[in-house]
2 protein chains.
Amino acid sequence: MKRSQLFIKTRKDAPADETAKNAQLLIRAGFVHKEMAGVYAYSPLGLKVLDNIKKVVREEMNSVGGQEVMMTVLQPKELFEKTDRWDDKKVDNWFKTKLANGTELGMGLTHEEPIVDMLSDYINSYKDLPLLVYQIQSKFRNELRAQAGLLRGREFVMKDMYSFARNQDEHKAIYENVAEAYTRVYDRLGIGDITYRTYADGGIFTPEFSDEYQMLSEIGEDTIYVDEQRNIAINKEVINDDRLDERGVDKSNLREAKAIEVGNIFPLESKYTDSLGVFYTDNEGKQQKIIAGCYGMGVSRLMGAIAEHFADDKGLVWPKSIAPAQVYLIRLGDAQDVVKVADDLYAQLTAKGIEVLYDDRDDRPGEKFADADLMGIPHRVVVSAKTLEQSKVELKNRTELESSMVSVQDLLAKLA
Amino acid sequence: MKRSQLFIKTRKDAPADETAKNAQLLIRAGFVHKEMAGVYAYSPLGLKVLDNIKKVVREEMNSVGGQEVMMTVLQPKELFEKTDRWDDKKVDNWFKTKLANGTELGMGLTHEEPIVDMLSDYINSYKDLPLLVYQIQSKFRNELRAQAGLLRGREFVMKDMYSFARNQDEHKAIYENVAEAYTRVYDRLGIGDITYRTYADGGIFTPEFSDEYQMLSEIGEDTIYVDEQRNIAINKEVINDDRLDERGVDKSNLREAKAIEVGNIFPLESKYTDSLGVFYTDNEGKQQKIIAGCYGMGVSRLMGAIAEHFADDKGLVWPKSIAPAQVYLIRLGDAQDVVKVADDLYAQLTAKGIEVLYDDRDDRPGEKFADADLMGIPHRVVVSAKTLEQSKVELKNRTELESSMVSVQDLLAKLA
């Protein structure tokens, strides 16, 4: 990607109405555009980060046997009446709309009912189970306030997965498999060391316990108690002595911390399958209940949380696994040899599959350096008359203060 | 993908309320699930086809310099009031919804206003133009009737692109570039020979002429006149002697045909940029109008049109470029050597990057053959005790009647 062709520009200040640091930075760096509170459009750079996160999530969900589908945004009222989740008094953050003939519709907030309804076409026998189905798509939540940028959107990108098992043992095995896949996702996104599997309440979905994945952050809305030794945490909302005993947690090892919920997994028991009349026939011909689980992960929320967490006073700092490019290549000046070396380097890196944001504009050096920092690209490479005097280019990592002079050969080897 | 693990099943009959042949076939083959009229969810197989079409579209839009973004579904009323497109009397097929505080919102039907609004942050000078921005996402249209399956959805996947140029000449050059990219998309999707660039009316967007891409089909809602020699067509709605003269078309060469609109490109002049107050400054410091174009292509509509067009009495027939797998591998019986050869073949093909739908179920042969045909996978390969007697496997293409016996080596070479 050449900056001269990319339509976005960085800006010194975020819009006055944007109070969340993640959105301020993402807007200033040209990654997102604010449509309204809690609703953001993604520029080519922002979309790239989002797609990189999706790719990691998709690979890990596939690795545990998840089958990807795409459910719809428009939702029929009848399905949600069967599970008593249509009424605004029951679920107060639905967006709703209407067909031309007046028929009320919901806008995708969660997909238990439509997924179970779809699967009812395919599940009959014990041979059809277990199964694990997921999707990654835009969801809608009619939040009263949406002041947290990408952390709490009215329109947001989410991965939601649903498991269906023949009994509790099978359900628990799947649940733990998915829990491990969640851990791998956070590791790959660079937040594994600050993200804890956290015991929590089941919320509106289930009377049972559930697990949240909480990423430590000063701006988090949740308070958790972390047991670093055991690498687990407990949400403040559910903590009490009995529960600590149940989990074998020693109070004195716990540390209170603020955190952002970056995922959750719930046992659903047979609530939705029962309500929608979906059962399976066991190998003795008897009708049996289906035990389900649901596994959410906010993809755009992760983008916001990561943006805010790693940022420094110069701007964004993307982990390599999701950065929109690996190299921010700066050409200083337009001397013929400088242009040639920079153009060649861009071509060579691109040919090696290394994504480069090539600042080939005629802007002032200071602006180019500031953009490289603000956009948070992992490696900055500078080609100038001065570096070419030494037959080298300058390499600096976004998280380091010192730069070094390296030959093009060494650079290619280093980044490969 | 192993059939034993894939949750979908084929069915003999489509739901009684489904009257469109494309949707009937796609439902029977397990590619889509009907949520309500005009609203379909995609199974792993359906999503695969959709993603394959998206990939082709994306590559060709990128090849002409398109920059991919992701705009939002939720739309602020104010933007559309500025262009006089909010009122239901002006645009009667909006889905609308409300924030919790009562503020009315639109649901993404078209994105001229939000795109122009976003770009207003970035366009100042003549140096910032031209540019070409696109997205591929779910759109919503509140159709009174939606009986055509994927051909006319209330929720559908669309690619919409927008160009912004400094003057008419620049606009026309971009417009023709995109027109050529459209032709390449249809060629790659296997419908190039039946899809015509068609002169049409500008519709509600512009008083100017526009171009549609019409795919010949008996079930098409449009009537066009095709000039096969010149490889163009004219929509019946706009045909008259003056226009034929303008275009240098000889009436006697025209053939009337039914067709499905699978794309359209419109000159927008400066309607939206003017209404939203977005201009650029030329190299003499003067404020100038921006000349825009808009380029739509229905991704899910293409899937429906292709499904319906190529189908025969046995089911779907996917072009190789978008088929959910290249090979439908059937294992007949569970003799040890049959299982081993089939399993090995599955592993070898997969390792070569050839996607295989492996029917490893214990179903009757007749059901497996019927599924292979109904699902429309390009190549069918059978491994059985009988084929192994000859140390071979059986290969049949979906569009051919005759099968042939080939060695595994030859098969791998053929499909590579």
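For this structure, a couple of remarks:
- Complete set of residues in the range A:375-416 that are in a loop (DSSP other than H, G, I, E, B), in contact (Cβ under 8 Å) with a residue 12 or more places away in the chain and hydrophobic (A, V, I, L, M, F, W, C): A:377, A:416
- Just one residue in the set B:351, B:323, B:342, B:416 is at pLDDT below 95 and either among the hydrophobic types (A, V, I, L, M, F, W, C) or under 28 Å from the mean Cα position of the chain (by Cα) (or both); that residue is B:416.
- Qualifying residue in the range B:396-415 (condition: outside the structural domain of residue B:188 (by TED's automatic domain parsing), over 19 Å from residue B:52 (Cα atoms), crowded, with 16+ Cβ neighbours inside 10 Å and out of contact with any helix residue (DSSP H, G or I) (no Cβ under 8 Å at 6 or more places or on another chain)): yes
- Some residue of the range B:100-108 being in contact (Cβ under 8 Å) with a residue 24 or more places away in the chain and within 20 Å of the chain's Cα centre (by Cα): yes
- Test: residue in the range B:230-250 that is in the same structural domain as residue B:177 (by TED's automatic domain parsing), under 22 Å from the mean Cα position of the chain (by Cα), modelled with pLDDT under 90 and crowded, with 19+ Cβ neighbours inside 10 Å: no
- Answer residue from the range A:116-152, given it is basic (Lys, Arg) and closer than 24 Å to residue B:155 by Cβ and is surrounded by the fewest Cβ atoms within 10 Å (Cβ to Cβ) among those: A:141
- The set of residues in the range B:349-374 being part of a helix (DSSP H, G or I) and farther than 21 Å from residue B:398 by Cβ consists of B:351 alone.
- Residue among B:183, B:195, B:206 that is polar (S, T, N, Q), at pLDDT 95 or above and surrounded by fewer than 21 Cβ atoms within 10 Å (Cβ to Cβ): B:183
- Note on the range A:177-205: residues that are outside any helix (DSSP H, G or I), within 14 Å of the chain's Cα centre (by Cα) and closer than 21 Å to residue A:235 by Cβ amount to 2.
- Flag for residue A:293 being within 30 Å of residue A:394 (Cβ to Cβ), more than 16 Å from the chain's Cα centre (by Cα) and in contact (Cβ under 8 Å) with a residue 12 or more places away in the chain: no
- Hey, residue B:54 closer than 25 Å to residue B:376 by Cα, out of contact with any Asp or Glu (no Cβ under 9 Å at 6 or more places or on another chain) and not assigned by TED's automatic domain parsing to the domain that holds residue B:132 or not: no
- Residues in the range A:300-318 that are surrounded by 23 or more Cβ atoms within 10 Å (Cβ to Cβ) and either not in a helix (DSSP H, G or I) or not basic (Lys, Arg) (or both): A:300, A:302, A:303, A:304, A:305, A:306, A:307, A:308, A:316, A:318.
- Residue A:43 within 30 Å of residue A:318 (Cβ to Cβ) and either within 10 Å of another protein chain (Cβ to nearest Cβ) or over 24 Å from the mean Cα position of the chain (by Cα) (or both): yes
- The set of residues in the range A:9-39 that are within 18 Å of residue A:155 (Cα to Cα) and at the interface with chain B (Cβ under 7 Å from one of its Cβ atoms) comprises A:33, A:35, A:36, A:39.
- Taking every residue in the range A:172-194 that is closer than 22 Å to residue A:227 by Cα and free of Cβ contacts under 8 Å to residues at least 12 places away in the same chain and pairing it with any residue that is among the hydroxyl-bearing types (Ser, Thr, Tyr) and part of a helix (DSSP H, G or I), at least 6 positions away or on another chain, the pairs with Cβ-Cβ distances below 6 Å are A:192/A:186.
- Residue match in the range A:92-107 (condition: closer than 30 Å to residue A:168 by Cβ and among the small types (Gly, Ala, Ser)): no
- Residue within the range A:331-345 that is within 25 Å of residue A:27 (Cα to Cα), in contact with a strand residue (DSSP E or B) (Cβ under 8 Å, 6 or more places away or on another chain) and surrounded by fewer than 18 Cβ atoms within 10 Å (Cβ to Cβ) present: no
- Residue B:56 being surrounded by 23 or more Cβ atoms within 10 Å (Cβ to Cβ) and either part of a helix (DSSP H, G or I) or more than 8 Å from chain A (Cβ to nearest Cβ) (or both): no
- The set of residues in the range B:266-280 being modelled with pLDDT of 95 or more and either part of a strand (DSSP E or B) or among the β-branched types (Val, Ile, Thr) (or both) consists of B:273, B:278, B:280.
- As a summary of the residue check, residue A:6 satisfies the conditions (1) within 8 Å of chain B (Cβ to nearest Cβ); (2) touching a strand residue (DSSP E or B) at 6+ places or on another chain (Cβ under 9 Å); (3) surrounded by fewer than 19 Cβ atoms within 10 Å (Cβ to Cβ) except for the one numbered (3).
- Taken together, B:113, B:78 contain a single residue that is at pLDDT 95 or above and either buried (at least 18 other Cβ atoms within 10 Å of the Cβ) or not assigned by TED's automatic domain parsing to the domain that holds residue B:29 (or both), which is B:113.
The values are calculated or read from the model by the stated rules, or taken from the named source; none is laboratory data. Remember, predicted model here, so these are calculated numbers, not experimental data. Backbone-built Cβ (ideal geometry, glycine too); neighbour counts: all protein chains shown.
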